[in-house]
Amino acid sequence: MKKLMLLVFCFSTFFFYACDQKQISNLRIMSYNIRHGQGMDNVLDLSRAADIIKLQAPDLCALQEIDNYCLRSDSLGQTEYLADEAGMTGTFGKFMSYEGGEYGMATLSSKPLISVKNLKLPDGKYEPRSSLIHEVQIAKGCAILFVNVHFDWINDSEGELSRLNQAKALLKYIDAKEHAVIITGDFNCTPDSPTMNYFKENGFEFINKGVDSMSFQGTEKAEIDHIIFRRTNRINIEAKRIMLLDEPLVSDHRPLIAELEITF
């Protein structure tokens, strides 16, 4: 009887100890506005962006300014091309019809996708907008939302209000999901803007890039590409590293890379 009680006690102790253990998954995130493949030298060459993505080997890659069979980019399905080159799954989110095709954004993933949503957002002043939202299986028993954004680009008070309204529409959808969330992309606003402050007020953590923070390298340099995240009680996210790559030719934006640790 004593041996049986001891066996039950040992098994129970092991069971509760095992259940209390946390699992860790490392995640490499990339965000890149590729300017539909047209470089700062005005040469259209999508292979240059593809080479950067392959070299960085992200788990999840958010791409902005993507053409889908548009005349200006040789009627190429850019999402399919980049996904094939990187050996990843690609999804395209349409903003609008353009030059015989479609213009929008794309996400590449090496992780299994549970669902995909191209969420309609309030229109910008000159262009419609949406957000590409994926429920991603990070590991067995752990799914998060990975959100790709490209907010309105107008640089005045009207544009600021437009971006804020787009952020509010996005969060209304996200809040109903109750998932841990990573949002990345071209926010078209600086860290101290009303839009970014709105995200911070709603529990999102902004990953500080440090001194080398200018992600847009056009005529007026600016920090407008970001990676932010929000945890849940069950899923914790920690930023381990963030960097902007020195790529002055391929696009007017620099590739943004972050290494995150997911604990669940």
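I want to confirm something. Restricting to the range 36-75 and keeping residues that are among the small types (Gly, Ala, Ser) and part of a helix (DSSP H, G or I), which single residue is nearest to residue 87 (Cα to Cα)? First the steps, then the outcome.
Looking only at the range 36-75, we keep the residues that are among the small types (Gly, Ala, Ser), and these are 37, 39, 47, 49-50, 57, 62, 73, 75.
From the residues that got through so far, the ones that are part of a helix (DSSP H, G or I) too are 37, 47, 49-50, 73.
Values: 37: 19, 47: 14, 49: 14, 50: 11, 73: 22 Å.
Result: 50.
Residues that are of a type in the set (S, T, N, Q) and either without any contact (Cβ under 8 Å) to a residue 12 or more places away in the chain or surrounded by 18 or more Cβ atoms within 10 Å (Cβ to Cβ) (or both) do occur in the range 97-104, at least one of them. For the range 207-225, the count of residues that are assigned to a strand (DSSP E or B), touching a residue at least 12 places away in the same chain (Cβ under 8 Å) and within 30 Å of residue 140 (Cβ to Cβ) is zero. Of the residues making up the range 128-157, just one is of a type in the set (D, E, K, R), surrounded by fewer than 20 Cβ atoms within 10 Å (Cβ to Cβ) and modelled with pLDDT of 95 or more, namely 135.
Report whether or not residue 119 is surrounded by fewer than 23 Cβ atoms within 10 Å (Cβ to Cβ) and in a helix (DSSP H, G or I). Write out each step before concluding.
Numbers: surrounded by fewer than 23 Cβ atoms within 10 Å (Cβ to Cβ): yes; in a helix (DSSP H, G or I): no.
For residue 119, the condition - surrounded by fewer than 23 Cβ atoms within 10 Å (Cβ to Cβ) and in a helix (DSSP H, G or I) - is not met.
Here is the figure for the range 87-142: residues that are more than 30 Å from residue 234 (Cβ to Cβ) and small (Gly, Ala, Ser) total 6. Within the range 140-176, being under 17 Å from the mean Cα position of the chain (by Cα) and in a strand (DSSP E or B) holds for 143, 144, 145, 146, 147, 148, 149, 150.
Run down 192, 175, 186 and say which single residue is closer than 19 Å to residue 63 by Cα and of a type in the set (Asp, Glu). Give the steps one after another, and end with the answer.
Details: 192 fails: closer than 19 Å to residue 63 by Cα; 175 fails: closer than 19 Å to residue 63 by Cα.
Only one candidate passes the filter, namely 186.
Every test in (1) part of a strand (DSSP E or B); (2) surrounded by fewer than 17 Cβ atoms within 10 Å (Cβ to Cβ) is passed by residue 234 save one, and that test is (1).
The values are calculated or read from the model by the stated rules, or taken from the named source; none is laboratory data. Predicted model only: the values in this text are computed from it and were never measured. As a convention, Cβ positions derive from the backbone with ideal geometry for all residues, glycine included, and neighbour counts pool all protein chains shown.
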